[in-house]
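See below for the structure under consideration.
The values are calculated or read from the model by the stated rules, or taken from the named source; none is laboratory data. This one's a predicted model, so the numbers in the text were calculated from it and none came from an experiment. Positions of Cβ are generated from backbone atoms using ideal geometry, with glycine treated the same way; all protein chains shown enter the neighbour counts. Heavy atoms of the whole protein, side chains included, go into the accessibility calculation; ligands, DNA and RNA do not. Shrake-Rupley method; radii C 1.70, N 1.55, O 1.52, S 1.80 Å.
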Amino acid sequence: VDATGRAGVIARHRGTREFDSVLRNVATFGYFRGARLESDYSGDWELARICIVSHAHGWIWYIPMERDVVSVGVITSDKRFKEVAAADPERFYRETLAATPETARWLEGAELVEFHDAPRKVMVESDFNYFHDRLHGPGYALVGDAAGFLDPLFTFGVFLSVTGARMLAYALGT
């Protein structure tokens with residue numbers, strides 16, 4: 001059973017990972033210390049919640065991680081990222097956050113920091129919405145993110161992962 005997440009240790013050698021043509025997005029993200037929460041959007045530090053904000057070419061996640069630290073990600077299409085951000089992702093990231101009124105306000109005075117095991121302050125992830133064309137074959141089965149991935153902020157992605165695991169457990173137990 002390949003339950004190795006996006007690494008897809010077995011999946012890489014079986015079938016093809018197919019990327020969603022509509023959801024070809026790129027996430028540029030980092031962590032800020034000293035960020036603010038506004039109760040109408042994110043609750044407070046005792047009962048924080050994820051906030052999504054639209055910008056001209058996509059959307060931004062704003063996720064409280066621990067007191068005084070938020071994860072902030074800028075999502076844009078793969079095409080737009082290649083056109084305006086690929087050469088300098090950090091500049092694109094900072095400019096987008098500064099041009100979005102909500103995040104500009106919440107991050108005023110906050111510092112972009114390295115957080116826990118993050119490899120750098122600004123990171124880029126792409127090709128993160130996919131499905132595998134073969135979920136099982138002789139001697140193997142794929143489950144969870146090895147089988148397919150849809151951003152967990154779209155709760156349907158979590159549903160697919162859990163449902164797939166449940167169905168595989170029933171099949172293996174039969």
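Quick notes
- Counted residues, region 7-22 - those being modelled with pLDDT of 85 or more and within 22 Å of MET123 (Cα to Cα): 2
- Considering region 38-72, and only residues there that are under 20 Å from GLY109 (Cβ atoms) and under 13 Å from the mean Cα position of the chain (by Cα), the residue that is most open to solvent (accessible area, probe 1.4 Å) turns out to be ILE63.
- Restricting region 96-122 to residues that are out of contact with any helix residue (DSSP H, G or I) (no Cβ under 9 Å at 6 or more places or on another chain) and modelled with pLDDT of 95 or more, the residue that is least open to solvent (accessible area, probe 1.4 Å): THR100
- Selection of region 73-95 for residues being more than 14 Å from PHE29 (Cα to Cα), open to solvent by less than 80 Å² (accessible area, probe 1.4 Å) and not hydroxyl-bearing (Ser, Thr, Tyr) yields ASP78, ARG80, VAL84.
- In region 123-150, residue most open to solvent (accessible area, probe 1.4 Å) [restricted to those that are more than 13 Å from ARG17 (Cβ to Cβ), assigned to a strand (DSSP E or B) and at pLDDT 90 or above]: HIS136
- Flag for ALA98 being in a helix (DSSP H, G or I), farther than 26 Å from ARG17 by Cα and free of Cβ contacts under 8 Å to residues at least 12 places away in the same chain: yes
- Within region 23-37, the residues that satisfy the criterion of being open to solvent by 40 Å² or more (accessible area, probe 1.4 Å) and at pLDDT below 90 are LEU23, ARG24.
- Selection of region 1-38 for residues being of a type in the set (A, V, I, L, M, F, W, C) and outside any loop (DSSP other than H, G, I, E, B) yields ALA7, ALA11, PHE19, VAL26, ALA27, PHE29, PHE32.
- LEU172 fulfils the conditions (1) part of a loop (DSSP other than H, G, I, E, B); (2) touching a residue at least 60 places away in the same chain (Cβ under 8 Å) except for a single criterion, (1).
- Scanning region 101-122 for residues that are β-branched (Val, Ile, Thr) and either touching an Asp or Glu at 6+ places or on another chain (Cβ under 6 Å) or in a loop (DSSP other than H, G, I, E, B) (or both) returns a single hit, VAL122.
- Region 2-22 - residue that is among the small types (Gly, Ala, Ser) and open to solvent by less than 30 Å² (accessible area, probe 1.4 Å) and, of those, nearest to the chain's Cα centre (by Cα): GLY5
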